[in-house]
1. Quick check on the range 212-229. Is at least one of its residues surrounded by 16 or more Cβ atoms within 10 Å (Cβ to Cβ), touching a helix residue (DSSP H, G or I) at 6+ places or on another chain (Cβ under 9 Å) and not in a helix (DSSP H, G or I)?
2. Is it the case, given these coordinates, that GLN175 is more than 19 Å from GLN23 (Cα to Cα), polar (S, T, N, Q) and not in a helix (DSSP H, G or I)?
3. Can you name every residue in the range 63-103 that is of a type in the set (Val, Ile, Thr) and either within 24 Å of ALA128 (Cα to Cα) or assigned to a helix (DSSP H, G or I) (or both)?
4. Please indicate, with yes or no, whether at least one residue in the range 144-161 is without any contact (Cβ under 8 Å) to a residue 60 or more places away in the chain, in a strand (DSSP E or B) and out of contact with any Cys (no Cβ under 8 Å at 6 or more places or on another chain).
5. Determine if the range 103-116 includes at least one residue that is closer than 29 Å to ASP190 by Cβ, of a type in the set (A, V, I, L, M, F, W, C), crowded, with 20+ Cβ neighbours inside 10 Å and out of contact with any strand residue (DSSP E or B) (no Cβ under 7 Å at 6 or more places or on another chain).
6. Tell me, which residue of the range 27-76 that is of a type in the set (Lys, Arg) and touching a Lys or Arg at 6+ places or on another chain (Cβ under 9 Å) is nearest to SER239 (Cα to Cα)?
7. Check whether at least one residue in the range 90-99 is in contact with a Pro (Cβ under 6 Å, 6 or more places away or on another chain) and farther than 25 Å from THR195 by Cβ, and report yes or no.
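Laboratory data are not the source of any read-out in this text; all were calculated from the coordinates shown. Just so you know, these numbers come straight off a predicted model, no measurement behind them. Reconstructed Cβ throughout: ideal geometry from the backbone, glycine too, with neighbour counts over all protein chains shown.
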Amino acid sequence: MQQSYVQYQVNNNIGTITFYSPQHNSLPSAILQQLTETIVQLNNNPNCKVIVLQSEGNKTFCAGASFDELLQIETKEQGLAFFSGFANVINAMRCCKKIIIGRIQGKAIGGGVGLAASCDYTMATQAAAIKLSELAVGIGPFVVGPAVERKIGTSAAFELAIDATQFRTAEWAKQKGLYAAVFESTEKLDEAIATLATTLANSSMAAMTAIKKAFWQGTENWNELLAERAAISGSLVISNETKTFLKAFKSK
């Protein structure tokens, strides 16, 4: 089985980050750390003016947290460390001076929705349904919640968090503001992303940085907020009830 990885390349001032995990592009802690480090690296790369974030394959964009790793967590400290990985990625995306374009080619679940919401401009295919499944496994979308709520509003985010077993369509996500555009195929999606990325790569870096800073205004407390949220998830994940939910969900 192919190993998990995070790769990046920079061409014509466009940085492309690609992540992969054999379990439907789920996110173990090692991948979360590599994503954070790669985003920071491209933020500091003078040859990169815009970033495209994508996953490998044509099906699931991201299945969220790695269930295998969640089941191995035994203490609050371990839980905090794991969920802090999501907080670190979101904060790296938030603080990055470069505009981040999200390429969502398939379903986004849990933390995958958080990644999509943390991008500055997100495009998807019709197959890119979304679901916040955390409550269904005894946790809750605490870490990704602020990013999702910022993008689609409190009411829609609460709807996703409560109805944790049902997918919402890509069109629903577009109507709520998560996706800027939805395309019939990955080919059309990639054409649109290439056009936008090229335009941004030839735009003023100073202006784009100022625009991004302005639109993320009000999130300056997220280092502390997401750390608090990670602690909540870290405490819940070690309960016997949550372990039972996780094992049942994983066996489906």
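1. yes
2. no
3. The answer is VAL89, ILE90, ILE99, ILE100, ILE101.
4. No, the range 144-161 has no match at all.
5. Going residue by residue through the range 103-116, those that are closer than 29 Å to ASP190 by Cβ are 103-116.
Still in the running and of a type in the set (A, V, I, L, M, F, W, C): 104, 108-109, 113, 115-116.
Filter again for crowded, with 20+ Cβ neighbours inside 10 Å, leaving 104, 108-109, 113, 115-116.
Pick out the ones that are also out of contact with any strand residue (DSSP E or B) (no Cβ under 7 Å at 6 or more places or on another chain) and you get none.
No: the range 103-116 contains no residue that is closer than 29 Å to ASP190 by Cβ, of a type in the set (A, V, I, L, M, F, W, C), crowded, with 20+ Cβ neighbours inside 10 Å and out of contact with any strand residue (DSSP E or B) (no Cβ under 7 Å at 6 or more places or on another chain).
6. Here the residue is LYS59.
7. no
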